[in-house]
Amino acid sequence: MSPRPLRQECLWERVLPPAAPALGLTDQVRTQVCVIGGGITGLCAAIRLREQGYQVVVLEAHEVGHGGSGRNVGLVNAGTWIKPDDVEATLGTAVGGRLNKVLGEAPAQVFDTIARYTIDCQAHHQGTLHMAHSAAGAEDLQARHDQWRRRGANIELLSGARCREYCGTDKVATALLDHRAGTINPMAYTRGLAATVQRLGGLLFQNAPVTGLQREGTSWRVTTATGNVEADKVVIATGAYTEGDWNTVKNNYFRGYYLQVASVPLSGPAAEAILPHAQGSWDTRMVLSSIRRDDQGRLLLGSMGRLDNKPAWFVRGWADRIQRHYFPELGRVEWESHWTGAIDFTPDHLLRLYEPAPGLIAVTGYNGRGNTTGTVLGAAMADFVINERVADLPIPFSQDQPVSLPGLRTGLYETGFSLYHAGQCLRVVL
């Protein structure tokens, strides 16, 4: 029996009702604040500004959710990619400690936002699981546990039968359960934020890529192919999907990719035993694997790298390998779709906040933590636009820090990920 066709499409979008018709910019608009980028960061900034009575225009180059905001795994994680002690070692105790506190509390802000604006995004606030794939991985989780516990975080190190029960596999001996965290459908969350912006009276123009940004007197002129926006201040929130020569944010990160594969809906005891308490998870491998289920019972597997340039047999081979390692009791699984998204990486895995000129603020470098970091930074950038208090920001402004040879870095990383995944398909590595 031949396998079913494997579609290249984002599951998160497919399980939602069709989006409302997009409003295009066709004229010149005057506003107090123009937000460039209609992802989580830009939309959260626009919501905060509208609630404070500011006129806001949001420009999205494609459609809401096109970028990482709608294509990610849907984990609502606390903190940064690196350990909290490493954050403070890099930024200093005061700055690093503030960032750890703000991002440690970020999941609560996401779930509060969902509740406050009644966003239907399949939200589950039951935590996430970081799963040790080896003894070295278990040591890493122990260190993370100890460092976050010193900071008062509600986290728990699982082992033995409790670990097997939570993860749904006997291939994981230790897992870090972060009770602060959870999961969402990120496309539904992003669309819900967009609907909130519009409900509050903000203007959201889609399919309006910015082609220029110039200072004119005391205002900024934001140019698109079909219309212009004149604004007192501008927020740039374009992340890994930054486009155009006018936008120098792209010089400060290098692009990475993240792939996901979704099964058909699964049922039965073997399927229901996988992550039975609705956590999302990922392992401690250098080229990690993420694992979660959606509300229809699909198994979703992910990893660093891209699949949009790989043949279907490669996609299935990789997904089969991960599934059979962790969940052999499932037997043969049918895979129905796959998609790839982009991540804005920085060399130290920490975000960057910029003020290139008065009245202009930009952010990048979420390093795969966009659901939480974007929610928090969007609101924080809006607050700065309103009160201009640098001390209230989660992190001080950085000097321009161009990444050397970003295209080469992206290519080398992707080559390494592809070789690793090929080794997994061939059962050479796992």
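If R0 is 30 Å, the Cβ-Cβ spacing of D120 and D232 corresponds to a FRET efficiency of close to 0.30. Result for the chain in a Gaussian network model with C-alpha springs under 10 Å: among D27, D295, D283, the largest mean-square fluctuation is at D27. Relative contact order of segment 315-408: 22 percent, from C-alpha pairs under 8 Å at least 6 residues apart in sequence. Of all the C-alpha pairs in segment 117-209, what % are more than 20 Å from each other? Roughly 53 percent, rounded to a whole number. Over segment 1-93, the hull volume per residue, using the convex hull of the C-alpha atoms, is 208 Å³. Which value results when the Cα radius of gyration for segment 18-67 is divided by 2.2 N^0.38 Å? Rounded to two decimals, the normalised Rg is 1.16.
The ellipsoid that matches the Cα gyration tensor of the chain has semi-axes, each √(5λ) in whole angstrom, of 36, 24, 20, with the longest given first. Computed over Cα pairs, the Kirkwood radius of segment 224-375 leads via Stokes-Einstein (0.890 mPa s, 25 °C) to a diffusion coefficient of 137 µm² per second.
Amide hydrogen proximity for H62: with H placed 1.01 Å from N in the peptide plane, the residues at 5 or more positions away or on another chain lying under 5 Å are N207, A208.
Each pair of Cα atoms in segment 270-343 enters the Kirkwood radius, and Stokes-Einstein at 10 °C and 1.306 mPa s then converts it into a translational diffusion coefficient of 121 µm²/s. Placing a label point 7 Å from the Cα of T223 along the Cα-to-Cβ direction, the residues of segment 232-253 whose backbone N falls under 16 Å of that point are 244-248. Ranked by the mean number of other Cβ atoms within 10 Å per residue, highest first, peptides 61-70, 154-163 order as 61-70, 154-163. Between Q28 and N387, the modelled label-to-label distance comes to 3.5 nm, taking each label 7 Å out from Cα in the direction of the beta carbon.
Leaving ligands, DNA and RNA out of it, report the carbon-plus-sulfur percent of the accessible area of the chain at a 1.4 Å probe. Exposed carbon and sulfur together represent 52 percent of the surface. Per residue, the solvent-accessible area of segment 26-120 (1.4 Å probe, heavy atoms of protein chains only, all protein chains present) comes to 38 Å². Heavy atoms of the protein chains alone define the surface here; on that basis segment 129-213 has 39 Å² accessible area per residue at 1.4 Å probe size. For segment 324-430, GluC sites (Glu not before Pro) are listed when DSSP marks them as loop and at most 14 other Cβ atoms sit within 10 Å of their Cβ; the list is E334, E388. For segment 303-342, trypsin sites (Lys or Arg not before Pro) meeting the loop criterion (DSSP other than H, G, I, E, B) and having at most 14 other Cβ atoms within 10 Å: R332.
Of all DSSP beta bridges confined to the chain, the antiparallel ones make up roughly 65%. For the chain, lysine pairs separated by 8 or more sequence positions, or belonging to different chains, with Cα-Cα distances below 29 Å total 8.
Calculated accessible area for segment 314-430 comes out at 39 Å² per residue, all protein chains present (probe 1.4 Å; ligands, DNA, RNA ignored).
The values are calculated or read from the model by the stated rules, or taken from the named source; none is laboratory data. What you are looking at is a predicted structure, and each value in this text was computed from that prediction instead of being measured. Using ideal geometry, Cβ is built from the backbone for each residue, glycine included, and neighbour counts are taken over all protein chains shown. Surface areas here come from the heavy atoms of the whole protein model, side chains and all, with no ligands, DNA or RNA. Shrake-Rupley method; radii C 1.70, N 1.55, O 1.52, S 1.80 Å.
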